[in-house]
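The values are calculated or read from the model by the stated rules, or taken from the named source; none is laboratory data. Since we're looking at a predicted model, the values are computed, not measured. Neighbour counts run over all protein chains shown; Cβ positions are idealised from the backbone, glycine included. For accessibility, only protein heavy atoms count, side chains too; no ligands or nucleic acids. Shrake-Rupley method; radii C 1.70, N 1.55, O 1.52, S 1.80 Å.
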Amino acid sequence: MSVKTLDEYINQSSIESKNYTKPKNFLFKVSIYHDVWMDNALENFYRILKKIDNEDFNVSLSSDKITFEFDNFEGFKNALIQQIKHKYKNMIVMGEDKKTGITKEIKKDFILLQEGKKEGGTVKLKEEVFDWNKLPKILDEIKENKKGDKICIMCGGRYKKSYTLKQAIYPFVTKNKSLSGIRTIKSLPEYHKNLCLMCYLLGVLEWTDEGLIYHTSQKENKTFLFLPIFENLIELNKFKEETLRAGILKVSERYKNLLKNPNSDDIEETFGEYTTLLAFYEKFILNVKESEVLCNNWGVLHIPLGKVKNVKFETINVDKGILEVISELIEDGYLIYNDMIKRIYFKKKTNKGFVTDWDITAEIKENLAKSLLIDDFRTFSRQLMPRKGGFVILSSDAYEILDELIYLWRLVNMGIPKEKLDTIKSVGNIIAKISLGNSSLLYKLDKVRTIDEFWSVLREISRKMAGMEKDELREIKPTAIDELVVMVKEHEKIWREIRDLLVIYSSMYLAIKKLKKGGD
Ligand SMILES: [Zn+2]
């Protein structure tokens with residue numbers, strides 16, 4: 001091992017830094033767009049460029065732009081074409097032809113790229129980027145790009161040749177020319193023909209992004225495509241890289257891509273937009289041990305499966321406190337999606353006994369996931385109420401998780417110690433007993449709008465309890481109602497939360513009693 005003198009060291013590092021800073025023939029900078037589709041497209045493009053390992057080629061990412069440079073244009077072009085060909089496969093799945101039974105390629109249904117006639121079972125996309133004869137010519141324009149005097153509507157840069165903005169590039173564009181969803185374009189619809197090559201290329205390539213979650217609902221006849229929103233490209237990239245490394249998204253699946261277990265083959269069963277997001281969070285937190293960035297802002301595209309592709313857009317903001325609750329539950333071994341939401345059933349009595357109504361069950365699961373993620377405890381509590389001649393049952397392990405969730409989500413904030421949950425549960429049990437023959441008390445409780453009405457319902461419970469038979473009172477803690485009164489007095493400001501907690505546990509015990517009794 002040779003030891004360098006300080007002079008040698010300084011000389012050498014100055015040569016290195018000279019080498020490094022020597023300007024390349026071609027230098028490109030693409031800045032953050034502050035647009036959910038284009039920023040994901042930019043990040044996707046960065047991951048494409050990172051795979052190019054020509055010595056001549058450098059790419060770097062900062063919080064607000066990507067920069068790439070090279071001397072040899074042909075070398076760059078060929079390497080990029082290879083990477084685009086590779087990414088192209090993310091849009092294609094293999095499936096069986098219904099008529100012939102022969103395996104053929106199928107384009108994922110939600111991808112808004114026009115398809116030409118299939119040739120020998122191979123998908124042919126009309127977009128020129130994916131025509132391997134035309135792609136080199138498109139990329140040749142990169143060389144000319146800077147010489148123009150037109151201004152791009154997306155990035156504001158100057159360029160020479162125009163592309164037309166359309167859904168295949170930017171899904172917010174609607175067929176009837178009224179552009180929806182995005183601020184910059186909305187105010188400048190007449191310029192929508194003025195799009196530069198770089199924005200065109202990035203926008204189209206975003207369909208090849210394997211780092212996005214998608215879920216297709218056959219019932220709603222649409223696909224939900226989840227785009228993470230960050231105002232910082234480094235964070236966006238970290239989050240998507242962590243997601244990909246976790247192995248929880250399957251590339252080669254037509255309708256849904258969230259996996260039950262990392263790098264497995266089984267797709268997770270979710271029911272709609274919010275169960276998918278909740279299940280994703282659970283898997284992400286479980287499998288990305290040292291996550292630096294967890295996305296809590298999402299832009300969700302609702303892409304119809306039918307012929308008319310009017311895309312709807314929704315943003316979801318998940319409070320960081322909710323993500324902490326989900327994380328804490330997971331740390332304690334409670335999987336709120338897998339072991340609770342998935343194990344909730346809506347039972348209806350038929351002449352064959354109790355039967356699960358799967359439509360209502362799916363609706364309840366979706367509503368529970370949604371109200372949790374948007375931090376709406378009121379709506380959450382009402383999901384467990386009896387309705388339409390049926391009631392909601394949880395599997396036995398799921399009840400324990402429900403208690404933990406309620407403790408972390410509500411009681412901690414309410415300043416109520418965990419033991420006090422027993423008081424609420426006991427009163428819930430009393431209400432369930434009273435409601436077994438007639439649920440009107442439970443509905444009345446749910447409907448109370450003022451604290452005076454609440455007191456009046458509590459008095460009614462107390463009166464009815466006094467009239468109960470001895471053996472009915474056996475499992476009941478007679479002091480519970482008094483303890484609850486003290487609790488409400490101590491926490492008068494949050495009486496609504498106490499009401500919601502009572503609704504949950506009354507509904508839960510009522511359902512258990514109905515199931516035991518075997519009928520309504
Ligand atoms: Zn542009």
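Inside the range 53-96, can you point out the residues that are part of a helix (DSSP H, G or I) and under 24 Å from residue 107 (Cα atoms)?
Within the range 53-96, 80, 81, 82, 83, 84, 85, 86, 87, 88, 89, 90, 91 meet the criteria.
Residues of the range 192-220 being within 14 Å of the ligand (Cβ to nearest atom), open to solvent by less than 10 Å² (accessible area, probe 1.4 Å) and of a type in the set (A, V, I, L, M), which ones?
Correct list: 195, 197, 201, 202, 204, 205.
Within the range 290-299, does at least one residue satisfy the condition of being over 17 Å from residue 241 (Cα atoms), touching a helix residue (DSSP H, G or I) at 6+ places or on another chain (Cβ under 6 Å) and part of a strand (DSSP E or B)?
Yes: the range 290-299 contains one or more residues that are over 17 Å from residue 241 (Cα atoms), touching a helix residue (DSSP H, G or I) at 6+ places or on another chain (Cβ under 6 Å) and part of a strand (DSSP E or B).
Specify which of the listed residues (406, 416, 401, 424) is assigned to a loop (DSSP other than H, G, I, E, B) and open to solvent by less than 30 Å² (accessible area, probe 1.4 Å). Before the answer, list the steps.
Numbers: 406 fails: assigned to a loop (DSSP other than H, G, I, E, B); 401 fails: assigned to a loop (DSSP other than H, G, I, E, B); 424 fails: assigned to a loop (DSSP other than H, G, I, E, B).
Every option except 416 fails the conditions.
Filter the range 469-481 down to the residues that are touching a residue at least 24 places away in the same chain (Cβ under 8 Å) and not small (Gly, Ala, Ser), then identify the one that is surrounded by the fewest Cβ atoms within 10 Å (Cβ to Cβ).
Only one residue fits best here, namely 475.
Quick grid of which residues meet (1) more than 28 Å from residue 60 (Cα to Cα); (2) at pLDDT 95 or above; (3) of a type outside the set (D, E, K, R):
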| site | (1), (2), (3) |
| --- | --- |
| 211 | no, yes, yes |
| 214 | yes, yes, yes |
| 220 | yes, no, no |
| 230 | no, yes, yes |
| 236 | no, yes, yes |
| 240 | no, yes, no |
| 246 | no, yes, yes |
| 255 | yes, yes, yes |
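I'd like to check something: does the range 40-52 contain any residue that is assigned to a loop (DSSP other than H, G, I, E, B), at pLDDT 95 or above and hydrophobic (A, V, I, L, M, F, W, C)?
Of the residues in the range 40-52, the ones assigned to a loop (DSSP other than H, G, I, E, B) are 51-52.
This time we only want the ones that are at pLDDT 95 or above, so: 51-52.
Restricting the remaining residues to those that are hydrophobic (A, V, I, L, M, F, W, C) gives 52.
Yes, there is a match, as at least one residue in the range 40-52 is assigned to a loop (DSSP other than H, G, I, E, B), at pLDDT 95 or above and hydrophobic (A, V, I, L, M, F, W, C).
Just wondering, is there one or more residues in the range 20-28 that are in a helix (DSSP H, G or I), at pLDDT below 95, of a type in the set (S, T, N, Q) and more than 29 Å from residue 125 (Cα to Cα)?
Quick first cut of the range 20-28, residues in a helix (DSSP H, G or I) only: 20-21.
Among the residues that remain, those that are also at pLDDT below 95 are: 20-21.
Those still in the list that are of a type in the set (S, T, N, Q) too: 21.
Adding the requirement that they be more than 29 Å from residue 125 (Cα to Cα) leaves 21.
The answer is yes, given that some residue of the range 20-28 is in a helix (DSSP H, G or I), at pLDDT below 95, of a type in the set (S, T, N, Q) and more than 29 Å from residue 125 (Cα to Cα).
Kindly establish whether residue 293 is modelled with pLDDT under 95 and more than 20 Å from residue 108 (Cα to Cα).
Values: modelled with pLDDT under 95: yes; more than 20 Å from residue 108 (Cα to Cα): yes.
Here the answer is yes, as residue 293 does meet what is asked.
Please verify whether the range 294-305 includes one or more residues that are free of Cβ contacts under 8 Å to residues at least 12 places away in the same chain, surrounded by fewer than 19 Cβ atoms within 10 Å (Cβ to Cβ) and not hydrophobic (A, V, I, L, M, F, W, C).
No, every residue in the range 294-305 fails to be free of Cβ contacts under 8 Å to residues at least 12 places away in the same chain, surrounded by fewer than 19 Cβ atoms within 10 Å (Cβ to Cβ) and not hydrophobic (A, V, I, L, M, F, W, C).
Need the failing condition index for residue 102 against (1) within 13 Å of the ligand (Cβ to nearest atom); (2) surrounded by fewer than 17 Cβ atoms within 10 Å (Cβ to Cβ); (3) among the hydrophobic types (A, V, I, L, M, F, W, C), just the number.
If we test residue 102 against (1) within 13 Å of the ligand (Cβ to nearest atom); (2) surrounded by fewer than 17 Cβ atoms within 10 Å (Cβ to Cβ); (3) among the hydrophobic types (A, V, I, L, M, F, W, C), just (1) comes out false.
Looking at residue 282, is it of a type outside the set (A, V, I, L, M, F, W, C), buried (at least 19 other Cβ atoms within 10 Å of the Cβ) and within 16 Å of the ligand (Cβ to nearest atom)? Spell out how you get there, then give the answer.
On the way: of a type outside the set (A, V, I, L, M, F, W, C): yes; buried (at least 19 other Cβ atoms within 10 Å of the Cβ): yes; within 16 Å of the ligand (Cβ to nearest atom): no.
No; evaluated as a whole, the condition is false for this residue.
Out of (1) out of contact with any helix residue (DSSP H, G or I) (no Cβ under 7 Å at 6 or more places or on another chain); (2) of a type in the set (A, V, I, L, M, F, W, C); (3) crowded, with 18+ Cβ neighbours inside 10 Å, what's the single condition that is false for residue 341?
That leaves (1) as the condition not met.
Consider the range 144-179. How many of its residues are over 23 Å from residue 108 (Cβ atoms), at pLDDT below 85 and open to solvent by 40 Å² or more (accessible area, probe 1.4 Å)? Steps first, answer last, please.
The initial filter retains those residues of the range 144-179 that are over 23 Å from residue 108 (Cβ atoms), namely 144-164, 176-179.
Pick out the ones that are also at pLDDT below 85 and you get 144-148, 176-179.
Now drop any that are not open to solvent by 40 Å² or more (accessible area, probe 1.4 Å), which leaves 144, 146-147, 176-178.
The qualifying residues number 6.
Of the conditions (1) surrounded by 17 or more Cβ atoms within 10 Å (Cβ to Cβ); (2) among the β-branched types (Val, Ile, Thr); (3) closer than 23 Å to residue 32 by Cα, residue 315 clears all except one; give me its number.
(1)
So, residue 512, is that one of a type in the set (Val, Ile, Thr) and either in contact with a Phe, Trp or Tyr (Cβ under 8 Å, 6 or more places away or on another chain) or farther than 23 Å from residue 349 by Cβ (or both) or not?
No.
Checking residue 487 against (1) open to solvent by 40 Å² or more (accessible area, probe 1.4 Å); (2) at pLDDT 90 or above; (3) more than 30 Å from residue 349 (Cα to Cα), which single condition isn't satisfied?
(1)
Of all the residues that make up the range 318-337, how many are part of a helix (DSSP H, G or I) and open to solvent by 40 Å² or more (accessible area, probe 1.4 Å)? Steps first, please.
Step one: of the range 318-337, the residues part of a helix (DSSP H, G or I) are 320-331, 336-337.
Add one more test, that the residue is open to solvent by 40 Å² or more (accessible area, probe 1.4 Å), and what stays is 320, 324, 328, 331.
Residues that pass the stated criteria total 4.
How many residues are of a type outside the set (Lys, Arg), assigned to a strand (DSSP E or B) and free of Cβ contacts under 8 Å to residues at least 60 places away in the same chain when one looks only at the range 354-398? Quick ask: steps written out before the conclusion?
Pass one, the range 354-398, residues of a type outside the set (Lys, Arg): 354-364, 366-369, 371-377, 379-381, 383-386, 389-398.
Among the residues that remain, those that are also assigned to a strand (DSSP E or B) are: 354-356, 390-394.
In the following step, the residues that additionally are free of Cβ contacts under 8 Å to residues at least 60 places away in the same chain were identified as 355-356, 390.
Result for the range 354-398: 3.
Are any of the residues in the range 451-468 surrounded by 14 or more Cβ atoms within 10 Å (Cβ to Cβ) and among the basic types (Lys, Arg)?
Looking for residues that are surrounded by 14 or more Cβ atoms within 10 Å (Cβ to Cβ) and among the basic types (Lys, Arg), one finds at least one in the range 451-468, hence yes.
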